[in-house]
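Written below as structure tokens is the structure these notes are about.
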Amino acid sequence: MTNRRIVLASRPIGEPTDDDFRLESDLPLPKPEPGQMLVKNLYLSVDPYMRGRMSDRPSYARPVGIGEVMVGGTVGRVVESLADGYAPGDLVVGYGGWQEYSIFDTKGRQQVLKVSESLPPSTALGVCGMPA
């Protein structure tokens, strides 16, 4: 198994174009450490704040660096877990970014929540998530 991700290739001037991003593929999967889990992202939220994160102007949030994975909220399924309370197969919501697989860290500042299996998983990024 390999990972694919979209990274910021350049700072957009005006509206972002395809040239401002780069697809990186066939990357090795990241390995979780204690307190972390490997998650296969299933849904990505694309939100207006992302445009501000593409800029390097002062803001409330750190800009995405050139060559870094674009930020974004995701819902995914745990593939491998070294985090207490999370097991393979669990649905979780967090900030996995524009990539197929990501590491969610339960010990740092990143908030990771389990997603109810009784609702469509994508609702965790909308009506049952942060924007609601």
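Could you tell me whether segment 29-50 includes any residue that is at positive phi, free of Cβ contacts under 8 Å to residues at least 60 places away in the same chain and of a type outside the set (A, V, I, L, M)? No - not one qualifying residue is present in segment 29-50. Applying the condition of being part of a strand (DSSP E or B) and polar (S, T, N, Q) to segment 35-49 and asking which residue is modelled with the highest pLDDT yields Asn41.
Is it the case, given these coordinates, that Arg22 is assigned to a strand (DSSP E or B), within 15 Å of the chain's Cα centre (by Cα) and among the charged types (D, E, K, R)? No.
Taking the stated definitions as given, is Gly97 closer than 20 Å to Ala9 by Cβ and surrounded by fewer than 14 Cβ atoms within 10 Å (Cβ to Cβ)?
no
For segment 66-93, the tally of residues that are surrounded by 13 or more Cβ atoms within 10 Å (Cβ to Cβ) and either in contact with a helix residue (DSSP H, G or I) (Cβ under 8 Å, 6 or more places away or on another chain) or on the phi > 0 side of the Ramachandran plot (or both) stands at 8.
The values are calculated or read from the model by the stated rules, or taken from the named source; none is laboratory data. Keep in mind the model is a prediction, meaning the values are calculated, not measured. With ideal geometry, Cβ positions are generated from the backbone for all residues, glycine too; neighbour counts draw on all protein chains shown.
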